[in-house]
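Notes to accompany the following structure.
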Amino acid sequence: MAEYQNWDKKSESKAVDILLKNGGTLVSPTKVGYIIMASDFKGLERKFEVKKRKKNKPGVVLCSSLEQLSLISEMNQEIENFYKSHWDRDILIGCILPWSEKGKTLIPKDGARTLMMDTRDTSCFVIKFGKPSENIARILWDRHKKLVFASSANPSGIGNKGQVNNIGQKIAEGVDFIIEADDYVRSIQPRESEDTRYEQGVMVSMVDENGKLVPQQKSRRNISPAPRLIRKGLDNDLVMSILSQCFESWDYRQGDYY
């Protein structure tokens, strides 16, 4: 069984040390529950094994700054503005995007690329996912230029309800370290119960069926393909409002990718 520690600076520091080691994995809190964090091929393999997760879904890349996001992903100005609107308001958002050429060079050359991209060479790039995990990802990027990849810390298709005790025995035994912060998770949706709270963030696809960026709309209407909201989640109404502000056309396609 992995060691548990409450969230503080010491546990963040230990998490960084673990992810700097080959194959390191850990469980960390976010705004919507717990995630498994990894930073290389061996760690990603361990993540897939403990989750029993299919390998055809786009991987999640944790971005600790807009500068990092802009460097490692391919975006246009409208998508950058969309992200910035969320950043400025501290709203969790993840978008399916292609990797930039520079970003591809920063992926560990150990096979990690095969586990971080879908068949279209895209991933989900996430910002504002919660202070504990943001702090870990920021240190790894700022000091070591190391990318961090993640999945929810629960068996695929089963939520952890924001409680570390619900991550499941296989995950608890299969990672190196666990940071506990149930109070932090509850504080994000204080008026929601375990049954009504969102356990994921909103995901928007910014690519077409071939993984190419949707075109800039430049205030024109009926531009297609357009951004698609493919997974509802925390602050869903706010995200849809920002979509409407940034794009004349966008689609709501809950579950479209999955």
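A short reminder: the numbers here are calculations on the coordinates, not readings from a lab. Bear in mind that the values here come from a model prediction, so they are computed numbers and not experimental data. Positions of Cβ are backbone-derived with ideal geometry, glycine not excepted, and every protein chain shown enters the neighbour counts.
Of all lysines in the structure, the ones whose alpha carbon falls short of 17 Å from that of Lys131, not counting any fewer than 8 places away in one chain, are Lys9, Lys10, Lys14, Lys31. Which angle from 0 to 90°, rounded to the nearest 10, does the C-alpha axis of helix 41-51 make with the longest principal axis of the chain? With both axes taken from Cα atoms, the answer is about 80 degrees.
Ordering of 77-83, 192-198, 21-27 by packing is 21-27, 77-83, 192-198, highest average first (other Cβ atoms within 10 Å, averaged per residue). Using the Cβ-Cβ distance between Ser224 and Met1 with R0 set to 45 Å, the FRET efficiency from 1/(1 + (r/R0)^6) comes to roughly 0.30.
Cross-link list Lys42/Lys161; Lys146/Lys170; Lys161/Lys232: which exceed 19 angstrom alpha carbon to alpha carbon? Long pairs (Cα-Cα over 19 Å): Lys42/Lys161; Lys146/Lys170. Relative to the dominant Cα principal axis of the chain, helix 9-20 is inclined by about 80°.
Kindly state, to the nearest 0.05, the FRET efficiency for Lys102 paired with Asn236, given R0 = 30 Å and r defined as their beta-carbon distance. Here the calculated transfer efficiency is 0.40. Maximal additional length on extending the Gln245-Lys212 stretch stands at 9.6 nm, based on 0.36 nm per residue less the C-alpha distance. With a cut-off of 11 Å on the backbone N, the residues of segment 28-46 near the modelled label site 7 Å out from Glu192 along Cα-Cβ are 31-33.
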